[in-house]
1. Please build a GNM for the chain, connecting alpha carbons under 10 Å apart, and tell me which residue among Thr165, Thr117, Thr57 fluctuates the most.
2. Give me the number: length gained by fully extending Val108 to Ala59, i.e. 0.36 nm times residue separation minus the C-alpha to C-alpha distance, one decimal in nm.
3. Greater than 32 Å separation of Cα atoms is the criterion. Which listed pairs, Lys53/Lys106; Lys76/Lys148; Lys76/Lys106; Lys82/Lys148, meet it?
4. Report the trypsin sites (Lys or Arg not before Pro) located in the stretch 94-123 that are in a DSSP loop and have at most 16 other Cβ atoms inside 10 Å of their Cβ, or state none.
5. To two decimal places, what compactness ratio does the stretch 81-122 give when its Cα radius of gyration is scaled by 2.2 N^0.38 Å?
6. Using DSSP, restrict attention to beta bridges with both residues in the chain and report what percent are antiparallel, rounded to the nearest 5.
7. Given the rule -39500 (n - 2.57) for each run of at least 4 DSSP H residues, summed and divided by the residues of the chain, what is its mean residue ellipticity at 222 nm, to the nearest 500 deg cm²/dmol?
8. Which far-off residues, 5 or more places away or on another chain, put their amide H under 5 Å from the one on Arg120, with H placed in the peptide plane?
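Every number in this text was worked out from the coordinates using simple rules, so none of it is lab data. Owing to the predicted nature of the structure, the values given are computational and were not obtained by experimental measurement. Here the Cβ is made from the backbone with ideal geometry for all residues, glycine too, and neighbour counts use every protein chain on show.
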Amino acid sequence: MIVRAFISLVIIAIASLAALAQSAAPDATVRAFYAYSNSRSSTFNRRHIELRKKWYTPALYAAFLKQLAEDEAYLKTHPDDKPFFGDGLDFRPLEEPCEVGDRSYKRVQSVYRSQMTTSRAEVEVKFAYPGACTHGYQPIIYKVNLQKVSGKWLINDWTYEDGRTLVGEMKSHKY
């Protein structure tokens, strides 16, 4: 009985922290989102969208649902082809391990800079290899665009290093 009560308290505390992070600051929202999303499957499907819905603006949520519907319609006529998010959607660069000697390193993620107005914010997320992998690997920086909706900071889009955006890529993609 004590174990159940303890587990319930831990779950409530985690949920409370996630809710607090959404309203506290944009960078806290991004950290909470990535902590949650990185520990889940990157397969793009309805479950993927619904599990992360509380971090999305209504516009981003609608864009994901629209893309999912387009993917499903396309796959009905082309079942052997790969849909737009066929490799999954994990909100980070492709994982290419860096090999140094007999060790393999992965990129480390850090939320490190934000710009904010009263209703919009941009948080930079850097993906970089540890110091051992400095030979030609530059950090990759994504900008997470947030919007304040009903007092909460919600993710509205991602901007990649080359200026493209996730929502822009979905809108411009044609099968």
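1. Maximum fluctuation in the GNM of the chain, among the listed residues, is at Thr117.
2. 14.7 nm
3. Result: Lys76/Lys148; Lys76/Lys106; Lys82/Lys148 exceed 32 Å.
4. When the trypsin sites (Lys or Arg not before Pro) of the stretch 94-123 are filtered for loop state and at most 16 Cβ neighbours within 10 Å, Lys106 remain.
5. 1.82
6. Bridges in the chain are about 95 percent antiparallel.
7. Helix-only estimate at 222 nm: -13000 deg cm²/dmol.
8. Result for Arg120 returns Lys148.
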